Amino acid sequence: MTETGLSDMQVAHHLADAAGEVILPYFRSTDLGAENKLSEGFDPVTVADRAAEEAMRAVLAQHRPEDGIFGEEFPPKTSQSGRTWVLDPIDGTRGFISGTPTWGVLIALSEGAGPVLGVVDQPYTGERFSGGAEVAEMTGPLGRKPLKCRKTTALGDAVLFTTFPEVGTKDEEAAFRRVAQEVKLTRYGMDCYAYALLAAGQIDLVIEAGLQTYDVQAPIAVVKAAGGIATNWQGGPAHEGGQLLAAATPELHQQAMELLNASN
């Protein structure tokens, strides 16, 4: 708590509300332009990304002025408190500009060794997935319900999601395909929504690579709060980005990790 009287999770919800209010008027707009951040390839950013991060930074200036900010679109703000808010205003901008509702606003609070809470918010569908030390719940059109990963233990019964079929490097793609060959179903193109579905008990595995800090911290917090496991491909911490393996159960996590690290 601070002088504003709001808990950290309440502040996170205020951040999500502020971002969603700014973003929604741009979604499925016929004249929304996107700039490419890369000289090779395509990594888009829109006015909605930047406006949403500015809105969240304004909320933090009011409610958590001593905390740091690490966001995707603007330079970091140094922390005076030892705590940092990690923000991705639109995770899945490629999906956003394509009109798919699988993008989301990512909000995490880090105290150094990883996120202590996270929110994955989908303003268009009205779904919000929240995870922390004392909360694991989602709210949406069907009301409020707890988040809880399902109990799948056999890889052959598992549903696996990732965002890009090519995953990362050629070696990472080959490693991913070793797992994909063993599961019941593999789906693509979900961005942060995949982790929300894992925490909600709808799927069993998410495997990705080439991620940034702001891509992973909120999903890690939400998945862990729901009883799942989220590490890098070697079983270590993943909150600084790179590779991420999120699983519903320890058994699935172990089986997937063995295949990811098997020789070609």
**Message:** Cβ contacts < 8 Å: first residue more than 14 Å from D88 (Cβ to Cβ), restricted to region 53-75; second residue of a type in the set (D, E), any location; separation 6+ or different chain. Result?
**Reply:** L60/D67
**Request:** Considering each of A51, A113, A61 in turn, give the residue that is modelled with pLDDT of 95 or more and over 16 Å from the mean Cα position of the chain (by Cα).
**Result:** A61
**Complete:** Across (1) among the hydrophobic types (A, V, I, L, M, F, W, C); (2) modelled with pLDDT under 95; (3) over 16 Å from the mean Cα position of the chain (by Cα), A154 clears everything bar (2)
**Asked** Going by the structure shown, is V120 surrounded by fewer than 21 Cβ atoms within 10 Å (Cβ to Cβ), among the β-branched types (V, I, T) and assigned by TED's automatic domain parsing to the domain that holds D67?
**Response** no
**Prompt:** Of (1) on the phi > 0 side of the Ramachandran plot; (2) touching a residue at least 24 places away in the same chain (Cβ under 8 Å), R187 satisfies all except one. Which?
**Reply:** (1)
**Asked** Restricting attention to region 79-109, which residues are under 17 Å from G189 (Cα atoms) and of a type in the set (D, E, K, R)?
**Response** D91, R94
**Asked** Restricting attention to region 75-99, which residues are modelled with pLDDT of 95 or more and either of a type in the set (S, T, N, Q) or surrounded by fewer than 16 Cβ atoms within 10 Å (Cβ to Cβ) (or both)?
**Response** P75, P76, T78, S79, Q80, S81, G82, T84
**Prompt:** So how many residues does region 218-259 have that are in contact with an Asp or Glu (Cβ under 9 Å, 6 or more places away or on another chain) and hydroxyl-bearing (S, T, Y)?
**Reply:** 1
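The values are calculated or read from the model by the stated rules, or taken from the named source; none is laboratory data. The shown structure was predicted, so the numbers you read here are calculated from the model rather than taken from an experiment. Please note: Cβ atoms are built from the backbone with ideal geometry, for glycine as well, and neighbour counts cover all protein chains shown.
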